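Reviewing the structure listed below.
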Amino acid sequence: MIEITVDLGIRSYPIYIGPDLLADRSTIKDRIKSRQIMVVTNETVAPLYLAPMMATFADRVVAKLILPDGEQFKTIGTLNLIISSLLENGFDRSCTLVALGGGVVGDITGFAAACYQRGVDYVQIPTTLLAQVDSSVGGKTAVNHPLGKNMIGAFHQPKCVVADINTLTTLEPRQLRAGIAEIIKYGLISDPEFFVWLETELDNLLDLDPECLSYAIRRSCENKANIVAQDERESGVRALLNLGHTFGHGIENVLGYGKWLHGEAVACGMCMAADMSMRMGLISPADYKRVVALITRAGLPRIPPSEINPEDLAAAMQVDKKNQDGRIRLVLLQAIGNAFICDDYSNDTFQSVLNSGRANHPQ
């Protein structure tokens, strides 16, 4: 088992990575001291992992809640289901929520924990690659609003993250590829050596080689933990973790939440950010081609679907947490492994990227 610490003073917590962690009940149980525990999962994950999780806490007061599966259910209405269930079960502010699932389950359960009786504990047990390398780490919790993704939320750090790589064997290939998009992101923003490793080992990663998986998850979590420790509430360097997300969140919003997976939209957004970086003379055409080649090899989209109108995409991108004074702030590249936040660009360049190479997403 690999252990990484997210260093946030009194809010510090461990990330555990390895095989068979859900079977080793002590790993999870020892981190939860509460008598009352609510396990929140979804209809896809529940048949696979809910029963053993409930058995882990057989000596506690344990309840369960099974949510519908999909980004389209990451809403205030679903959040209210969790709050209502906590109240109906008579849970007090000493309870702990357990988020068992992917990024949607983790985000919405974390937000419920942040809100319930002004804040209760929660732990993250991510079962998708994207959640294990990204959304379960860092304490960002949220639900979507019809006008913008993750517009309603709070920073609320978990007590621990338990990433069992065995859960990835039950992932659909599309979900696996979506997680690889976030892994590629870490190489692009600050870890060029990791990007080179991914160029070499991508096929093994797609084949779920255990050694490659463990290394990729560890390296991603180390990168994110380092950035979060510097900037917990995204007032500075943490915004770099949004490479590809401003374009990507806009795509998700215009298409309708759930049509593209989050990682697919981020992959496309990273290609668009790399394209804009090249058009601005920040990176070379060769580096741009490396970015697109790796994302394409991973089976991820590099251009938005043709039904998205560029004007609608630009309007959706106006609703972004990084924006200031009405200006869309983008995370761009000065090199592979060197990202920065930019609001000094020409509108003509921005529009040319929005209009460039639109085509249908390959299924």
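All of the numbers you see were taken from the coordinates with simple rules; none came from a lab. These numbers come from a predicted model, not from an experiment. Please note: Cβ atoms are built from the backbone with ideal geometry, for glycine as well, and neighbour counts cover all protein chains shown.
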(request) Just need the relative contact order of the chain here, percent rounded to a whole number, with Cα pairs under 8 Å and 6+ apart. (result) 15
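List the residue ranges in the chain for DSSP H helices whose C-alpha atoms run 24 angstrom or more along the long axis and whose Kyte-Doolittle average is 0.5 or above.
Working: long enough: 173-190 (27 Å, 0.27); 210-230 (30 Å, -0.36); 262-279 (25 Å, 0.43).
Helices meeting the span and hydropathy rule in the chain: none at all.
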(message) Quick check on the chain: of the DSSP beta bridges with both residues there, what percent are antiparallel, nearest 5%?
(response) 40
(request) With +1 on each Lys and Arg Cβ and -1 on each Asp and Glu Cβ, and nothing else charged, work out how big the dipole of segment 173-355 is about its Cα centre, in Debye to the nearest 20. (result) 100
(request) Putting +1 on Lys and Arg Cβ atoms and -1 on Asp and Glu Cβ atoms, find which of V228, A55, Y116 reaches farthest to the positive end of the dipole of the chain. (result) Y116
(message) For segment 118-175, report the % of Cα-Cα distances exceeding 12 Å.
(response) 70
(request) Sort K259, K140, K289 so that the residue with the fewest other Cβ atoms within 10 Å of its own Cβ comes first and the one with the most comes last. (result) K289, K259, K140
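For a protection proxy built on the mean count of beta-carbon atoms within 10 angstrom, sort 227-238, 271-282 highest first, please.
Listed from highest to lowest mean packing, they are 271-282, 227-238.
For the chain, what is the calculated [θ] at 222 nm in deg cm²/dmol (nearest 500), taking -39500 (n - 2.57) for each run of four or more DSSP H residues and dividing by its residue count? Intermediate values should be presented prior to the final figure.
On the way: 12 runs with 155 residues, N = 363.
Result for the chain, helices only: -13500 deg cm²/dmol.
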(request) Using a 10 Å cut-off on Cβ atoms, rank the peptides 210-223, 241-254, 12-25, 90-103 from the highest mean neighbour count down. (result) 241-254, 90-103, 210-223, 12-25
(request) Please report the base-10 log of the normalised intensity I(q)/I(0) for segment 1-61, using a Debye sum with one equal scatterer per alpha carbon and no solvent, at each q in 0.24, 0.26, 0.27, 0.30 (1/Å). (result) -1.15, -1.19, -1.21, -1.24
(request) Amide H neighbours of G244 under 5 Å, at least 5 residues apart or on other chains, H built in the peptide plane: list them. (result) V331
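Tell me the relative contact order for segment 173-355 as a rounded percent, counting alpha carbon contacts under 8 Å between residues six or more apart. Don't skip to the answer; put the middle values down first.
Details: 262 pairs, mean separation 53.3, N = 183.
RCO, segment 173-355: 29 percent.
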(request) On each of the three principal axes of the Cα atoms of segment 173-355, give max minus min coordinate, whole Å, ordered largest first. (result) 45, 36, 31
(request) Specify which residue in the list T44, P19, N144 is farthest towards the positive end of the charge dipole of segment 2-170, using unit charges on the beta carbon of Lys, Arg (+1) and Asp, Glu (-1), about the Cα centre. (result) N144
(message) Quick one: the Cα spread of the chain along its three principal axes, in angstroms, biggest first?
(response) 61, 40, 40
(message) Which log10 I(q)/I(0) values does segment 233-340 give at q = 0.12, 0.18, 0.19 Å⁻¹ under the Debye formula, counting every alpha carbon as one identical point scatterer?
(response) -0.39, -0.89, -0.99
(request) Of the listed pairs K29/K74; K149/K322; K64/K149, which have alpha-carbon separations greater than 24 Å here? (result) K29/K74; K64/K149
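If you average 1/r over every pair of different alpha-carbon atoms in segment 142-281 and take one over that average, what Kirkwood value in Å do you get? Working shown, then result.
On the way: mean 1/r = 0.0613 Å⁻¹.
One over the average 1/r among Cα pairs gives 16.3 Å for segment 142-281.
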(message) About the Cα centre, and with charges only on the beta carbon of Lys, Arg (+1) and Asp, Glu (-1), how big is the dipole of segment 2-170? Nearest 20 debye, please.
(response) 480
(message) Using each residue's phi in segment 63-75, evaluate 6.51 cos²θ - 1.76 cosθ + 1.60 at θ = phi - 60° and report the 3J(HN,Hα) Karplus result to the nearest Hz, with x for Gly and Pro.
(response) 10, 9, 9, 10, 9, x, 9, x, 4, 5, 9, 7, 9
